[in-house]
Amino acid sequence: LAKTTQPISMDSYEGQEVNITCSHNNIATNDYITWYQQFPSQGPRFIIQGYKTKVTNEVASLFIPADRKSSTLSLPRVSLSDTAVYYCLVGDVNYGQNFVFGPGTRLSVLP
Amino acid sequence: DVKVTQSSRYLVKRTGEKVFLECVQDMDHENMFWYRQDPGLGLRLIYFSYDVKMKEKGDIPEGYSVSREKKERFSLILESASTNQTSMYLCASTTGLAGGPGYNEQFFGPGTRLTVL
């Protein structure tokens with residue numbers, strides 16, 4: 001299983017771009033990288049997923065370098081409502097208990 | 001709208017009590033999971049199930065058991081609650097089609113905050 005590490009917390013101001021990096025040095029060939037967002041008093045919810053290079057959706061972008069040993073979640077022009085905990089998950093595309101959540105990064109967006 | 005519901009948002013129990021946490025999903029998902037969430041430790045997998053009456057231990061199964069008698073329902077049981085089981089408990093589910101839980105989107109319930117006195 002690929003162990004993951006993330007910064008514990010980050011602060012940003014409204015309107016800024018925020019980049020949160022997850023390290024997963026021993027990621028395996030079959031592993032995908034998924035990011036989840038969790039607001040207070042709610043369960044996590046899916047944001048974005050990728051395997052390599054760059055993926056973009058209406059909420060975020062995900063950058064994965066060629067060696068895939070890290071990934072960066074990019075949130076463009078954050079607002080106060082983006083204040084949440086962000087988790088990366090590295091998991092095998094196949095069945096089994098081959099997935100692990102990172103410790104989470106608490107993002108605080110300030111006015 | 002997809003839904004994972006958990007029986008209680010808040011629960012207070014005493015040491016030694018038997019505690020049942022219930023989770024129900026309406027998406028006809030094959031896979032269901034129980035996690036506990038503690039500050040600084042993230043999400044840790046307790047048990048999961050790939051099918052009715054099937055269960056597998058996760059990373060921290062000690063002190064817990066599970067039951068899955070119907071596809072939509074997955075129960076977490078604390079046989080004899082202890083203070084170190086005070087935590088947030090999260091249930092999740094995923095489809096079993098086209099990939100495993102490390103790949104398919106996990107849908108989470110709102111969580112149950114359990115306090116054991």
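Just so it is clear, none of the values below were taken in a lab; they were calculated from the coordinates. As the structure is a computational prediction, the values presented were derived from the model and not from experiment. Note that we place each Cβ from the backbone using ideal geometry, even for glycine, and neighbour counts take in every protein chain shown.
Descriptive notes on the structure:
- Within chain A, antiparallel bridges make up roughly 85 percent of the DSSP beta bridges whose residues both belong there.
- Cβ-Cβ distance of A:Lys69 and A:Ser108, R₀ of 35 Å, FRET efficiency by 1/(1 + (r/R0)^6): the value works out to about 0.80.
- Peptide-level mean, for B:41-48, of C-beta atoms on other protein chains within 10 Å: 4
- Estimated FRET transfer efficiency when R0 is 22 angstrom, pair B:Ile77-A:Phe39 (beta carbons, to 0.05): 0.20
- Average beta-carbon neighbours from other chains, 10 Å sphere, peptide B:49-61: 1
- Calculated from backbone phi, Karplus (6.51, -1.76, 1.60) coupling profile of the range B:80-88 in Hz, x at Gly/Pro: 8, 4, 10, 4, 6, 9, 5, 5, 9
- Of the GluC sites (Glu not before Pro) found in the range A:1-72, those in coil by DSSP whose Cβ has at most 11 other Cβ atoms within 10 Å are A:Glu17, A:Glu58.
- Take each residue of peptide A:86-93, count the partner chain Cβ atoms within 10 Å of its Cβ, and average: the result is 4.
- Beta bridges per DSSP with both ends in chain B, % antiparallel, nearest 5: 90
- Spatially close Lys pairs in the protein assembly as shown, defined by Cα atoms under 25 Å apart and a spacing of eight or more places or different chains, total 24.
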